[in-house]
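What follows is a single structure, written as C-alpha cells, with notes after it.
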Amino acid sequence: MTSKPGPEATHASVSHPAGAKAQAQGAGEWPVVVVGAGLAGLTVALHLASQGQRVEVLAKRNLGEGATAWAQGGIVGVLGSDDSVESHVRDTQDAGAGLVDEQTARFIAENSAQAVSWLVEQGVPFSPDPEGPLGLHLTREGGHAVRRIAHAADATGKAIHEALLAKAHAHPLVTLRERWMAVDLITSRHVGQPEDGPRCYGVYALDIAAQRVETLPARAVVLATGGVGKVYRYTSNPETATGDGIAMAWRAGCRVANMEFIQFHPTCLYHPCLLYTSRCV
Ligand SMILES: Cc1cc2nc3c(=O)[nH]c(=O)nc-3n(C[C@H](O)[C@H](O)[C@H](O)COP(=O)(O)OP(=O)(O)OC[C@H]3O[C@@H](n4cnc5c(N)ncnc54)[C@H](O)[C@@H]3O)c2cc1C
C-alpha cells in the first residue's frame, strides 16, 4: 500500500490522496492509466486511443522489458480454410486435460483471426506466404491439429512488441512512461470515502528516476502487468513477471482465481555452462 510504502518507495514522497479524490471529480478529463506495456497493455492503449481517449501507459522497467518481446514461436489464429473454431477449442481442451474453461477458449478461438488481422494492420512483419491466409505463413506446433500459428521467423514477440511500441509512440493520445512502477490502486478507502463503494480513482506510481511516488488520477485503470513466473528462483520469465497487478487487484478487494496456473513455457534444462530451451508439447 502506498500509505505504507514498500522497500523501493521508503524514501520517496507520496502525494496526498485527497488530491486524487478532488482531481477525480473531474474524471472525464483524466486519462485511462494502463499499467503494463506488453502486448496486453499496448493493445488496450491503442484501441482506446483510436476511440479518442487519452491513455498513459506505465512500464516499471525499460519499455522493451517483459514477456512479450521474449515470445518466439508465434501466435495462434483460426485462419486456414482447413481450420475451424470447433477444432481449435477441441485442441485447447485436449491440451488442457479437462481444466479449460470452454467459454473462454471459445471466445479466444472466435476472436483470434480478427486479433491477428489487427496485428497485421499495425505493421507486424509476420513471415509471409503469398498462398497463405492473409498472406501469412502458418506453422503447426504441439497440440494443434492443423497449421494455425502466425510467426515472424523465430522472434515473433519482438516483432509484435516493436510494431505496437512504434504505433504507441506515434499516437498523439498515448503517453508512455518508462520506469514508472505502479505500487497501488487508489481506492475509496485511500481517499477516506469508503461509503462510495468499491471505486478506483487512479494509481500511485513510483517514478524511479525521480525516486518519488506520484498520484496518477485516472478515469479508469487497466492492469496488464503480465505473469508471476518470478515467484520461482529459476524461470525463463522476465524480471518484470512479479504479479504486481494481481497483488494490487487483490488489495483492492478483487477476486483472484486460478493462481496455480503458472506459465511454464518454454521448458528449460539448466546446465552450469549452457541453458537449453524448447517449447512444451
Ligand atoms: C520465453 C518466453 C517465450 C514465449 N513464447 C510464446 C509463444 O511463442 N507464443 C505465445 O503465444 N506466447 C509465448 N509466451 C507467452 C507470452 O509472451 C505472454 O503470454 C505475453 O507476452 C504476455 O503479455 P502481457 O502484456 O500480459 O505481459 P508482458 O509482456 O510481460 O508485459 C507486462 C508489462 O507490465 C509491466 N509491469 C509489471 N509490473 C508493473 C508495475 N508494478 N508498474 C508498471 N508496469 C509494470 C512490465 O514492465 C511490462 O511492460 C512466451 C513467454 C516467454 C517468457
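Taking the number of Cβ atoms within 10 Å of each Cβ as an exposure proxy, the fewest-first ranking of D91, D129 is D129, D91.
Would you mind ranking T187, T225 so that the residue whose beta carbon has the fewest other beta carbons within 10 Å leads the list?
Details: T187 23, T225 29.
By the 10 Å Cβ count, ascending, the order reads T187, T225.
Straight-line cross-link partners of K60 among the aspartates and glutamates, defined as a Cα under 15 Å from its Cα and at least 8 positions apart when in the same chain: E8, E178, D184, D207, E214, E239, D244.
The H on the amide N of A152, modeled in the peptide plane, is under 5 Å from the matching H of S127, each at least 5 residues off or on a different chain.
For T187, the residues whose modelled amide H falls within less than 5 Å of its own, excluding neighbours fewer than 5 places apart on the same chain, are Y201.
Can you give the local net charge around L58? Use residues other than it whose beta-carbon is closer than 11 angstrom to its beta-carbon, Lys and Arg +1, Asp and Glu -1. Present the calculation step by step, with values, prior to reporting the outcome.
Working: positive: K60, R61, R177, R179; negative: E56, E178, D207, E214, D244.
With Lys, Arg at +1 and Asp, Glu at -1, the neighbours total -1.
Residues in the range 51-60 carry Karplus couplings, in order, of 9, x, 9, 7, 10, 10, 10, 9, 10, 6 Hz; the curve used is 6.51 cos²θ - 1.76 cosθ + 1.60 with θ = phi - 60°, and Gly or Pro positions show x. The value of relative contact order for the range 144-259, using C-alpha pairs under 8 Å at least six residues apart, is 15 percent. Between Q93 and D207, the modelled label-to-label distance comes to 5.3 nm, taking each label 7 Å out from Cα in the direction of the beta carbon. What is the distance in Å between the Cα centres of the range 192-271 and the range 132-159? Centre-to-centre (Cα) distance: 30 Å.
Pair-distance distribution P(r) for the range 73-154, from all Cα-Cα distances in 10 Å bins starting at 0: 19, 52, 25, 4 percent. The order of R255, R106, going from fewest to most other C-beta atoms within 10 Å of their C-beta, is R255, R106.
Amide H to amide H, with H built 1.01 Å from N, V78 comes under 5 Å of S112, A113, counting only residues 5 or more places away or on other chains.
Bear in mind that the values in this text are calculations on the coordinates, not laboratory data. No experiment lies behind these values; they were computed from the predicted model shown. For neighbour counting, all protein chains shown are included, and Cβ atoms are generated from backbone atoms with ideal geometry for every residue, glycine included.
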